[in-house]
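Here's the structure, in structure tokens; my notes come after.
The values are calculated or read from the model by the stated rules, or taken from the named source; none is laboratory data. Owing to the predicted nature of the structure, the values given are computational and were not obtained by experimental measurement. Cβ atoms come from the backbone with ideal geometry, glycine included; neighbour counts cover every protein chain shown. Protein only, heavy atoms only, side chains kept; ligands, DNA and RNA dropped before computing areas. Shrake-Rupley method; radii C 1.70, N 1.55, O 1.52, S 1.80 Å.
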Amino acid sequence: MNSIIRNSVLGIAGLAFAGGVAAGPLTDTPAPVDAAPVAAAVQADKPAVDTGKLIPHGVQGAQSRIDLSDEQVANTKAIIAATKKAGMDERAAVVSIATALQESKLENLGHLGDRNDHDSQGLFQQRPSSGWGTVEQITDPEYSTTAFLKGLKQVDGWQDMPLTKAAQTVQVSAYPDHYAQWEQQAADLVAKHWNS
């Protein structure tokens, strides 16, 4: 007799549970939706970027930020792809993107006429007359990034330097401290696009 009662109780409980699941909660207000777990689930198949590698020394000074167009995002992705192809890590991508943000706002600039700084062109404002390559080469995002990274590799200890010092050693800019202001946005872009 006990097993009959127990089976009946379990059957009724199962129906109540199934009915509750199908019908949902019996309240007039919808349950709040937390979007964070959904975003984490979408990203679960991608390995996370080690954010400690992106800004190992912390940012220096006030940070700048701009909204990016589709072209600028495409150039960001091209820099990341060239960095990976060169066998360099996320920190190299941060230095590269911050440099391109300062030099061109991630726009692949051609010759700007009277507004141009000598014959500087492309994402990194590299100069054909200084040996960076031809105009066609330095206005190719992959080529210009690879050229920048080749220069970065030649800087002893660049990984342990503040970003602005590493960038300046390659670029030799008249404004050596200006690269630092883009470090946070560059790190955010690398975190977002490194594994995309």
- Query: What is the diffusion coefficient of the stretch 130-196 in µm²/s, taking the Kirkwood radius over Cα pairs and the Stokes-Einstein relation at 37 °C with a viscosity of 0.692 mPa s?
  - Reply: 248
- Going from the alpha-carbon gyration tensor of the stretch 53-196, what semi-axes, largest first and in whole Å, does one get by taking the root of 5 times each eigenvalue? 21, 16, 15
- Task: Would you check the accessible area of Asp188, probe 1.4 Å, heavy atoms only, in square angstrom rounded to 10?
- Result: 60
- Message: I want to make sure I understand the PRE zone here: with the label point 7 angstrom from the Cα of Lys84 toward its beta carbon, which residues in the stretch 159-196 have backbone N atoms less than 16 Å away?
- Response: 189-196
